[in-house]
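So the structure is just underneath, and the comments pick up after that.
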Amino acid sequence: MGSLKGQVRDVHTRVVRAPLDTVAALLDRIGGEDDPLFPTPVWPPMRFDRPLGVGADGGHGFVRYRVSAYEPGRRIRFDFTDGSGGFHEIRIRALDAERCHVEHALEQRFGAGERLLWEAVIKAVHGAVVEEMLDNVERAATGAVSGAPFQRPLRVRLFNRLTWPRARAVDLPAEARLARAAFPRTDFQDAWQLEIQPGMPERPEAWQGVLRGAFPVLGRDHEDREILLGKDARHLDFRASVLVADGRVTLGTVVRTHHAGGRLYFALVRRVHPLMVRLMLRRTHRRLALAAPSAGEREWNRVR
């Protein structure tokens, strides 16, 4: 078996049945707040520290790069900032008045171990992100994908699931007014939070299913940012707040116990509570992301 070291070149192309100027205008918005091409919310968005142009530094997820060349509407090159000397770039050229050719190329030099990882996992994940981006080029420019839309293979779906963001612990936000006012006395409270990616629902009702069980909605705030669910029992009362604000979804819990039996019961529940809440919020976050319209669909619906 020969050495696995060496240069990798990975190229994906698509013929788009739309004029060059139409596709060029979409390319120039990549990495912006209203990015119509990068496949969010299933994958982390492409973001930079400044408007798109040479020197803009950023990336998507744990992949970091810097814009090293930019020809508006025609070509963008991103150099990886990990010292590997690699890059990826997008090029567009006209085929005729009604069609254009879109190409994404990646070049990078790997050591033996890195090459094995590339062949085993990263190549498939990279290919999925690029093919989904090319699907979005077609959707945003024409309203549909000319062939069969890309379907993620099993190992890509597994990678996506394993690397999905974890909820982080935060203080119960001041904006969670319903939760804060739920009881005159609170024996326990906590909150867990995740970023809402572009395309995900921003109404708290969409997140109501985070709690598996028949817990009724007990209140809504007048700004339509928070809903309060809960249930009362003889040993304790609990409330769960779903707050969507400032680009984040926060699941907060407040508990009031009634007697020593309730305190003993919750002392046991409290050991598994953080694990369960994080898991429920993360599962709901991913489920809603997978169900969301693609960036290309959102763009097509916006302009139409």
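What strands (runs of 3 or more DSSP E) lie completely within segment 54-118 and have 1 or more residues being within 25 Å of the chain's Cα centre (by Cα) and β-branched (Val, Ile, Thr)?
63-71, 75-80, 87-96, 99-110
Here is a yes/no grid of residues against (1) within 30 Å of His285 (Cα to Cα); (2) of a type in the set (A, V, I, L, M, F, W, C); (3) exposed (fewer than 13 other Cβ atoms within 10 Å of the Cβ); (4) touching a residue at least 24 places away in the same chain (Cβ under 8 Å):
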| site | (1), (2), (3), (4) |
| --- | --- |
| Phe38 | yes, yes, no, yes |
| Arg64 | yes, no, no, no |
| Ser68 | no, no, no, no |
| Ser84 | no, no, no, yes |
| Arg99 | no, no, no, yes |
| Gln108 | no, no, no, yes |
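For segment 233-244, enumerate the residues that are in contact with a strand residue (DSSP E or B) (Cβ under 8 Å, 6 or more places away or on another chain) and of a type outside the set (S, T, N, Q).
Across segment 233-244, the qualifying residues are His235, Leu236, Asp237, Phe238, Arg239, Ala240, Val242, Leu243, Val244.
Just wondering, is there one or more residues in segment 183-190 that are closer than 30 Å to Gly61 by Cα and within 28 Å of the chain's Cα centre (by Cα)?
Yes: segment 183-190 contains one or more residues that are closer than 30 Å to Gly61 by Cα and within 28 Å of the chain's Cα centre (by Cα).
Listed here are the residues, each with its yes/no results for (1) under 19 Å from Val137 (Cβ atoms); (2) part of a loop (DSSP other than H, G, I, E, B); (3) in the same structural domain as His285 (by TED's automatic domain parsing).
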position	(1), (2), (3)
Val11	yes, no, no
Arg14	yes, no, no
Ala18	yes, yes, no
Arg50	no, yes, no
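For segment 124-160, name all the residues that are more than 17 Å from the chain's Cα centre (by Cα), surrounded by 15 or more Cβ atoms within 10 Å (Cβ to Cβ) and basic (Lys, Arg).
Arg139
In segment 192-217, what residues are free of Cβ contacts under 8 Å to residues at least 24 places away in the same chain and in contact with a strand residue (DSSP E or B) (Cβ under 7 Å, 6 or more places away or on another chain)?
Once the filter is applied, which keeps residues that are free of Cβ contacts under 8 Å to residues at least 24 places away in the same chain and in contact with a strand residue (DSSP E or B) (Cβ under 7 Å, 6 or more places away or on another chain), segment 192-217 yields Glu205, Pro216, Val217.
How many residues are among the basic types (Lys, Arg) and within 26 Å of the chain's Cα centre (by Cα) when one looks only at segment 5-47?
The number of residues fulfilling the criteria is 3.
So is Asp34 within 30 Å of Arg157 (Cβ to Cβ) and either basic (Lys, Arg) or surrounded by 13 or more Cβ atoms within 10 Å (Cβ to Cβ) (or both) or not?
no
Can you confirm whether Leu26 is buried (at least 19 other Cβ atoms within 10 Å of the Cβ) and in a helix (DSSP H, G or I)?
Yes: the conditions hold for Leu26.
The values are calculated or read from the model by the stated rules, or taken from the named source; none is laboratory data. Please read these numbers as outputs of a predicted model, since none were measured by experiment. A quick note on method: Cβ atoms are made from the backbone with ideal geometry, for glycine too, and the neighbour counts reach across all protein chains shown.
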